[in-house]
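Quick notes on the structure that follows.
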Amino acid sequence: MARAVLPLTVLALCLVALGLSGSSSANAIAGRKMVRVYELKMGDFSIRITNWGATLMSVILPDSKGNLADVVLGYDTVAEYVNGTAYFGGLIGRVANRIANARFTLDGKTYRLFRNDGSNSLHGGHRGFSKVIWTVKEHVAGGDSPCITLYYHSFDGEQGFPGDLDVYVTYELPRPYVLAVRMNATARGKATPVNLAHHAYWNLAGEGSGSVLAETVRLHASRYTPVDAATLIPTGRIAPVAGTPYDFLRAARVGARVGAVPGGVSGYDTNYAVDGGERRLRPVAAVRDGATGRAMELWADQPGVQFYTSNGLAGVRGKGGKVYGRYGALCLETQGFPDAVNHPSFPSQIVRPGQVYEHNMVFKFTF
């Protein structure tokens, strides 16, 4: 049986061990915060969220024969999310993806960040937004539009980033088989880069069912940002996908050209420039699993989407003791371009004091 909520006393020990803050007073405050699991439900469609990392723990929906399954990878307990390293379902920030050499210059000042990916900063650093306790502001479990809103205050200097930042995320089921994720962040005091992302690992056949290489994917993106093979940092170019293994303008099996991806990666970990403008809600991707009939359509309003085929998963024990392996899921992380803060030609992710960053995603499921 899944143990959904870790007892507070045990969780507090985990949080202190992880060093969630640099001061004993802040540790004491963290220790008094309760971490829980919350459900949103609309008929046979439901999701679970924990305020640890504003993490999406499960998405349960039927297939073409009415069989229910959870279609996101993850763990059974909050304790496993605390100790996990795969970012399963987490809300990523302050800046998702990589920042080269863990540093950037803004308004004439150079900021040095926590290095957690070789010489780079990845997903906000060692203690990004997916590794902190969020405050639940509202929770409506059922009814016509179940929703939950979570809040996190990121302090000036956290993981090296400048300025205070007030961050909100809302998960909502606005109608049957539709999941909306709305993120916003307001800068306080100083300008700062902001690039939030949602890091769900999707397997429409059901989590733990095996590889997603047979699922089909379509990406509404005719360009991508090539990277240095050794560091996965963008070169600064924005190149056409035509004639490359990155071309998913027409639906194709995830594994159709996976072995042709250059750099010896044998999988996708690629930022695409989404067609149709930078900051309006538009179609991003469509995924379908032929065996179950489940399909997912993603709409969002960000300039990019990171398509990741779980190349780094290897022997990760997940829900119900299932072991997740390479290609066991795919991620579609809508975002600003990686390392945008060091590439003036990329769409800016800088938020000035008083300005509000917004990021909206809509997942539409059919079966």
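The values are calculated or read from the model by the stated rules, or taken from the named source; none is laboratory data. Bear in mind the structure is a predicted one, so any value in this text is a computation, not a measurement. Cβ coordinates were reconstructed from backbone atoms using ideal geometry, including for glycine residues, and neighbour counts include every protein chain displayed. Ligands, DNA and RNA are stripped out before the accessible areas are found, and what is left, the full protein with its side chains, is counted by its heavy atoms. Shrake-Rupley method; radii C 1.70, N 1.55, O 1.52, S 1.80 Å.
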- Message: Looking at Val71, Val35, can you tell me which residue is modelled with pLDDT of 95 or more, β-branched (Val, Ile, Thr) and more than 17 Å from the chain's Cα centre (by Cα)?
- Response: Val35
- Message: Looking only at the range 159-198, count every residue that is within 30 Å of Thr105 (Cβ to Cβ), assigned to a strand (DSSP E or B) and open to solvent by 10 Å² or more (accessible area, probe 1.4 Å) and tell me the total.
- Response: 6
- From the list Ala291, Ala242, Ala230, which residue is part of a loop (DSSP other than H, G, I, E, B), within 21 Å of Ala100 (Cα to Cα) and open to solvent by 60 Å² or more (accessible area, probe 1.4 Å)? Ala230
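Of the residues that sit in the range 222-268 and are charged (D, E, K, R) and farther than 25 Å from Ala295 by Cα, which one is modelled with the lowest pLDDT?
Going through the range 222-268, the residues charged (D, E, K, R) turn out to be 223, 228, 237, 247, 250, 253, 257.
Checking the rest, the ones that are also farther than 25 Å from Ala295 by Cα come to 228, 237.
Details: Asp228: 94, Arg237: 98.
Here the answer is Asp228.
The rows are residues; the columns are (1) under 22 Å from Arg182 (Cβ atoms); (2) out of contact with any Asp or Glu (no Cβ under 7 Å at 6 or more places or on another chain).
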{"position": "Val241", "(1), (2)": "no, no"}
{"position": "Gly263", "(1), (2)": "no, yes"}
{"position": "Val287", "(1), (2)": "yes, no"}
{"position": "Glu297", "(1), (2)": "yes, yes"}
{"position": "Gly304", "(1), (2)": "yes, yes"}
{"position": "Asn311", "(1), (2)": "no, no"}
- Message: Exactly one condition in (1) free of Cβ contacts under 8 Å to residues at least 24 places away in the same chain; (2) outside any strand (DSSP E or B) is false for Asp156; which is it?
- Response: (1)
- Task: Note down all Cβ pairs under 6 Å where the first residue falls in the range 285-305 and is on the phi > 0 side of the Ramachandran plot, the second is surrounded by fewer than 23 Cβ atoms within 10 Å (Cβ to Cβ), and they're at least six residues apart or on different chains.
- Result: Gly293/Asp63; Gly293/Ser64; Gly293/Phe367
- Message: Can you say whether Asp63 is of a type in the set (Asp, Glu) and open to solvent by 50 Å² or more (accessible area, probe 1.4 Å), as far as the supplied structure shows?
- Response: no
- Message: Pairs needed: first member in the range 217-244, at positive phi; second member anywhere, assigned to a loop (DSSP other than H, G, I, E, B) and of a type in the set (Ser, Thr, Tyr); C-beta distance under 9 Å; at least 6 residues apart or different chains.
- Response: Gly236/Thr225; Gly236/Ser345
- Inspect the range 287-306 for any residue being modelled with pLDDT of 95 or more and in contact with a Cys (Cβ under 8 Å, 6 or more places away or on another chain) and give the result as yes or no. yes
